[in-house]
Amino acid sequence: MEKSNFKVTPINKTADAASGPLITFDYIRSPRSRDVPTAHLNLDSHNPAFLPALAHAGASRRVNNRRNKAQKRTDKASEYWNEHGAESDVHVPLGGARFRPCLEDVLEMLINEFGIDRAQEDWRKALAEGRRRWRDYQLLAAVKDNPTTAVQQLRELGYRVEWAGADAPPQPNTTKLERF
């Protein structure tokens, strides 16, 4: 994978299409600048379509909790929230404890934070299975980037791991491991 992105954009016809996406998840294997993280999140909290998107959110437990919290606020003059919540109340996933987000993370965030309808009853199971497969692929890539640490951890867990190759064992890919 060289590059990928997921964009969350409003579909409300009254939203200003020129304002762009609300949230963008980006992965760029080789960014042009060292200052840009390989995997990153862009959140446009000043996008004029953000609060209307919260207002049009469905009725999930998370959405209802956010609305109840907003109704208790005393700062009624804020331009960054309405009776449906604030941009700062939206929890955006970042891929769990080890890895960057997958499409399943984004879909679950949309269901939980914006009350998007689910097509099937077992949506949580389907997303969990997809997320597990994604993280397995990411783990395989992480082991390839740092086989020395993977071998050490497997040995600490009680596995017997020996190098069987003809050449010297592969060394950690420090460029990937140290990258911002």
Problem set entry | Förster radius 45 Å - calculated FRET efficiency between K7 and E156, Cβ distance, rounded to 0.05 | 0.65
For this session: Specify the longest stretch of the chain that does not include any exposed loop site, a site being one of the GluC sites (Glu not before Pro) with a non-H, G, I, E, B DSSP assignment and at most 15 other Cβ atoms within 10 Å.
Result: 3-78
Problem set entry | trypsin sites (Lys or Arg not before Pro) restricted to segment 96-180 and DSSP loop, no more than 11 other C-beta within 10 Å | R98, R160
Exercise. What dipole magnitude, in Debye to the nearest 20, does segment 43-176 give about its Cα centre under +1 on Lys/Arg Cβ and -1 on Asp/Glu Cβ?
Worked result: 360
Problem set entry | the chain: relative contact order in percent, alpha carbon pairs under 8 Å with at least 6 residues between | 17
Seminar exercise, completed: The farthest towards the positive end of the charge dipole of segment 102-165, of the residues Q152, V106, A142, given +1 on Cβ of Lys and Arg and -1 on Cβ of Asp and Glu, is Q152
For this session: Please give the contour-minus-distance gain from T174 to T24: 0.36 nm per residue of separation, less the Cα-Cα distance, rounded to one decimal in nm.
Result: 51.2 nm
Exercise. So what is the calculated 222 nm ellipticity per residue for the chain, using -39500 (n - 2.57) for each DSSP H run with n of 4 or more, over all residues, to the nearest 500 deg cm²/dmol?
Worked result: -11500 deg cm²/dmol
Exercise. Tell me, what is the FRET efficiency for Q71 and K125 to the nearest 0.05, using R0 = 35 angstrom and their Cβ-Cβ distance as r?
Worked result: 0.55
Seminar exercise, completed: At R0 = 30 Å the Cβ-Cβ FRET efficiency linking T148 and D44, nearest 0.05, sits at 0.15
Problem set entry | For Rg and Dmax of the Cα atoms in Å, calculated from these coordinates, the label among (1) 23.6, 89; (2) 20.9, 70; (3) 39.8, 120 | (2)
Exercise. When the Cα centres of segment 103-147 and segment 1-72 are compared, how far apart do they sit, in Å?
Worked result: 18
Problem set entry | Accessible surface of the chain, 1.4 Å probe, proportion on carbon and sulfur as whole % | 52
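The values are calculated or read from the model by the stated rules, or taken from the named source; none is laboratory data. Note that this is a predicted model, so its numbers are computed, not measured. Note: ideal-geometry Cβ built from the backbone for every residue, glycine included; neighbour counts use all protein chains shown. Heavy atoms of the whole protein, side chains included, go into the accessibility calculation; ligands, DNA and RNA do not. Shrake-Rupley method; radii C 1.70, N 1.55, O 1.52, S 1.80 Å.
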